[in-house]
Amino acid sequence: MDDAPLKHSLGALLWDVDGTLAETELDGHRPAFNLAFAEEGLPWHWDPLTYIQLLAISGGRERLRSFLSDQGPEPPDPALLEALVRRKQQHYTALMAAGAIQLRPGVQRLITAAAAAGLTQAVVTTSGRRAAQALIERLLPDAAAAFAFLVCGDDVTALKPAPDAYLLALRQLAMPAAAAVAIEDSSNGTRAATAAGLRTLVTLSEATCREPLTAFKGAAAIVSQLGESDAPVSVLQGPACPGGLITLSYIEQLVVSS
Ligand SMILES: [Mg+2]
């Protein structure tokens, strides 16, 4: 209904997961960490603002390791780190299964439209594969058809903001960066995508919407979300979106104008 036929200059959509597909950070990963701390008898509780600051570090294990390092002069106990990571992963999966996390507006619509148009789509996250798969299986049950592959934190040594995950995805696609668009919510993700040469559409999340727009340097467009008929998009930077919905035609403009 909302997409004219593509002019074929857009070759692929590369989707970040956390904060882009769903508000996983504050509603999923954060409470899962807190449940793991409580189970281990630890006194820590990450409130939303604390967690938003911790998000400067990509990857749950790396985020936790950094936090533990700040708690005392000794390096973190590797056994404690791994125990917390394991418990946190279990709680995250359980929260997902319990329906605590929903897709953000417009995500299902845009993935469905792209699949119908025959556009290649892939997931590029530097979170763990287990968490990414849990989300896709629960919230996007048709994703096996929609996504050509998933690049996850397990697949690269350098996490976002390093471009490695996106460069790996482009190699797997055998496609030049100029033909693909990354959809990201964070400054780290935007840095990773732009360093790989990709045009980047930023869809601000609860965890990133308070950051200055200068944090998303190089973004082709910055929007409040992808939009539904009852939740139109606000464009903070980039081409106007008079229909209130981010469509394939809108994203196509980002490639053509590059
Ligand atoms: Mg993200």
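Please work out the Cα center distance from segment 89-145 to segment 172-193, rounded to the nearest Å.
Computed from Cα coordinates, the inter-centre distance equals 17 Å.
Which value in Å is the Kirkwood Rh of segment 26-97 over different Cα pairs?
In segment 26-97 this quantity evaluates to 12.3 Å.
Where both partners of a DSSP beta bridge lie in the chain, what percent of those bridges are antiparallel, to the nearest 5?
Values: 4 of 22 bridges.
For the chain, the DSSP antiparallel bridge percentage is about 20.
State, to one decimal in nm², a quarter of the convex hull surface area for the C-alpha atoms of the chain, i.e. the direction-averaged projected area.
13.4 nm²
Rounding to the nearest 20 debye, state how big the charge dipole of segment 26-97 is about its Cα centre with +1 on each Lys and Arg Cβ and -1 on each Asp and Glu Cβ.
220 debye
In whole percent, what relative contact order does the chain give with Cα contacts below 8 Å and a gap of six or more residues?
24 percent
In whole Hz and in residue order, list the ³J(HN,Hα) couplings for segment 45-60 that follow from phi through the Karplus curve 6.51 cos²θ - 1.76 cosθ + 1.60, θ = phi - 60°; x for Gly and Pro.
Ordered by residue, 3J(HN,Hα) equals 8, 8, 7, x, 5, 4, 5, 4, 5, 5, 5, 4, 9, 6, x, x Hz.
How much length would be gained if the chain were fully extended between residue 74 and residue 206, taking 0.36 nm per residue of separation minus their Cα-Cα distance, in nm to one decimal?
Computed gain between residue 74 and residue 206 is 44.2 nm.
Before rounding to the nearest 500, sum -39500 (n - 2.57) across all DSSP H runs of length at least 4 in the chain and divide by the residue total; then give [θ] at 222 nm in deg cm²/dmol.
About -11500 deg cm²/dmol.
Coordinate-derived values only; no laboratory data. As the structure is a prediction and not an experimental result, all values here were calculated from the model. Don't worry about glycine lacking a Cβ; one is built from the backbone with ideal geometry, like all the others, and counts go over all protein chains shown.
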